[in-house]
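Visitor: Take this structure, written in structure tokens, and hold onto it; I'll ask about it next.
Read-outs: derived from the displayed coordinates by stated rules, not from any lab. Because the structure is a prediction, the values reported are computed rather than measured. Quick reminder, even Gly has a Cβ in these numbers, built from the backbone with ideal geometry, and neighbours come from all protein chains shown.
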Amino acid sequence: MSFIADKQTLDDLQLLGKYDSSSIFSLFNRVRTKGGLQLLDQMFLRPMTDVEAINARSAVFRYFRDHAAEFPFQNETITAMVAYLEENREQSPVFSLIRMAKNKTLAGLTRDETYGREQEGLHACLLILRECRQLLRRVEQDGLHKGTPWAAWAEKAGQVLRHPQAAAFLDMPAEDELQLSQAARLRYLLAGAWKEQLLALIQATYELDVYIAVGAVAREKDFSFAVAYPRSANFLKATDVRHPRLDKGVPNSFGFSKDGNVLFLTGANMAGKSTLMKASGILLYLAHMGFPVAARELEFSVMDGIYSSVNVPDDLNKGYSHFYAEVLRVKKVAEEVSEGKRLFIIFDELFKGTNVKDAYDATLSVTAAFAGFTECFFIISTHIFEVGEALREIPSVRFVFLPTVMEGHVPRYTYRLQEGITTDRQGMIIIENEGILDML
């Protein structure tokens with residue numbers, strides 16, 4: 001079963017976007033190869049729901065966070081090697097010799113470039129294999145080829161590098177030109193006998209690229225690693241969570257369980273509600289990827305997906321108002337929850353597109369109804385603190401707020417969660433401080 005996160009959620013949390021410098025993807029994108037970039041993209045698009053797979057990937061990233069490593073390969077050379085392997089296939093040494101002899105003859109008679117490109121491709125493959133041999137020797141000397149995440153790469157590298165005919169080519173001076181018979185033999189080995197093993201080695205090298213890159217981010221940002229539990233555990237415990245894009249973000253802790261599945265969040269404008277909610281969604285999404293998280297500690301039971309409603313747009317083409325778009329969003333979540341899916345839900349300022357009376361009634365009714373789905377976790381924020389008072393009879397709703405401290409006529413925000421409901425409303429104070437009324 002795949003983890004659910006629709007476009008609205010991905011956009012709300014700014015999770016994807018390799019060309020968006022503010023995205024979470026870009027935060028981790030320090031890979032050096034095109035294949036590594038594609039693999040990183042796949043990981044972001046496909047969070048996992050298998051406990052063992054999540055914890056296994058997390059353990060690999062943790063290892064490379066704790067054991068710094070440099071990725072030793074150049075993207076251009078690996079790309080050239082992959083292109084050569086994908087463009088060529090050879091069935092026998094004899095056919096290889098005939099093909100190479102023909103291409104060399106054409107190069108001399110008509111200046112055909114095929115033979116030259118062949119030589120370039122072979123040299124690129126040799127360069128990568130020489131670098132693999134150097135890396136494998138270091139890994140084995142340090143004893144990392146057994147019992148560490150290096151083992152999978154080392155095994156695939158050894159399958160090629162320990163072939164009886166490999167040493168003759170790898171020990172050649174790098175600047176030497178391959179003779180026709182050598183080039184033909186090497187072509188057969190690369191594009192025939194070793195081809196599948198080489199492609200597996202390249203894939204393992206792409207994985208190594210991602211592991212080293214993500215591990216470096218975790219080390220630099222002081223990220224930790226979550227521990228996943230089966231769905232039946234039905235809990236989430238997060239300590240000192242912050243938004244991963246804020247190096248000096250204020251940490252907050254929160255949790256969910258069957259007996260406390262709704263976090264009802266109040267606070268004034270600019271108090272930090274949206275940032276906290278986005279941080280919690282990003283936290284859970286990255287945790288299901290097995291990636292580092294911006295928290296001191298996170299333990300969670302695996303869920304089926306996440307839905308958010310932070311920046312719900314209207315739709316002029318369909319004639320949807322902002323309020324109706326909000327209603328459709330809540331309806332979508334209600335449908336998913338009613339099907340028995342375990343979901344993490346973020347509602348930021350429910351029904352802000354309508355009048356206060358309707359917003360009060362709708363927020364109260366929807367929150368009370370969602371609280372009954374105890375295998376789902378909800379964070380619901382609102383400015384209408386009166387709703388909270390009406391929800392106090394529901395035992396699974398926990399009330400928290402982000403306070404505002406007034407220093408004279410200037411509000412200061414602590415960004416630290418407190419238990420309870422706040423009645424803070426500083427909208428008019430901010431308007432007055434900006435001198436808008438004086439202008440008018």
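Visitor: Can you put Val94, Val327 in order of Cβ neighbours within 10 angstrom, beginning with the fewest? Intermediate values should be presented prior to the final figure.
Guide: Numbers: Val94 11, Val327 18.
The fewest-first ordering by Cβ neighbours comes to Val94, Val327.
Visitor: Now a separate question. Report Rg (one decimal) and Dmax (nearest whole number) for the stretch 224-439, counting Cα atoms only, units Å.
Guide: Final numbers for Rg and Dmax: 17.6, 59 Å.
Visitor: Can you give the FRET efficiency for Gln91 and Gln197, using 1/(1 + (r/R0)^6), R0 = 22 Å, r = Cβ-Cβ distance, to the nearest 0.05?
Guide: Approximately 0.85, to the nearest 0.05.
Visitor: Give me the extension gain from Asp358 to Tyr324: residue separation times 0.36 nm, minus the current Cα-Cα distance, reported in nm with one decimal.
Guide: 11.0 nm
Visitor: Shape call for the stretch 18-77 from the C-alpha gyration tensor, a ≥ b ≥ c root eigenvalues: rounded (a/c under 1.5), prolate (a/b greater than b/c) or oblate?
Guide: Numbers: a/c = 1.78, a/b = 1.21, b/c = 1.48.
Verdict is oblate for the stretch 18-77.
Visitor: Just rank His288, His123, fewest to most, by other beta-carbon atoms within 10 angstrom.
Guide: With the fewest neighbours first, His288, His123 line up as His123, His288.
Visitor: Determine, at each q value in 0.09, 0.14, 0.16 (inverse angstroms), the log₁₀ of I(q)/I(0) that the Debye formula gives when each Cα of the stretch 165-320 is one equal point scatterer.
Guide: Reported log10 I(q)/I(0), two decimals: -0.54, -0.82, -0.97.
Visitor: Quick one: 3J(HN,Hα) in Hz for the stretch 298-307, Karplus 6.51/-1.76/1.60 with θ = phi - 60°, rounded, Gly and Pro as x.
Guide: Karplus-based 3J(HN,Hα) across the stretch 298-307 equals 8, 10, 7, 8, 4, 10, 8, x, 9, 10 Hz.
Visitor: Can you compute the FRET efficiency between His163 and Thr374 using 1/(1 + (r/R0)^6), with r the Cβ-Cβ distance and R0 = 56 Å? Round to the nearest 0.05. Present the calculation step by step, with values, prior to reporting the outcome.
Guide: On the way: r = 58 Å, r/R0 = 1.04.
It comes to 0.45.
Visitor: Quick one: order Tyr360, Tyr115 by neighbouring beta-carbon count within 10 Å, fewest to most.
Guide: Tyr360, Tyr115
Visitor: Right, another one. Quick one: grab Rg to one decimal and Dmax as a whole number for the chain, Cα atoms only, in Å.
Guide: 28.6, 91
Visitor: Among the DSSP beta bridges whose two residues both lie in the chain, what percent are antiparallel, rounded to the nearest 5? Walk me through the numbers before you get to the answer.
Guide: Numbers: 18 of 43 bridges.
Restricted to the chain, the bridges split so that about 40 percent are antiparallel.
Visitor: What residues of the stretch 42-78 lie in the reach of a label at Gln141, counting those whose backbone N is under 19 Å from a point 7 Å from the Cα along Cα→Cβ?
Guide: Counting backbone N atoms under 19 Å from the label point, the list is 68-73.
Visitor: Anyone know which of Glu76, Glu155, Glu175 comes out most mobile in the 10 Å Cα GNM of the chain?
Guide: Glu175
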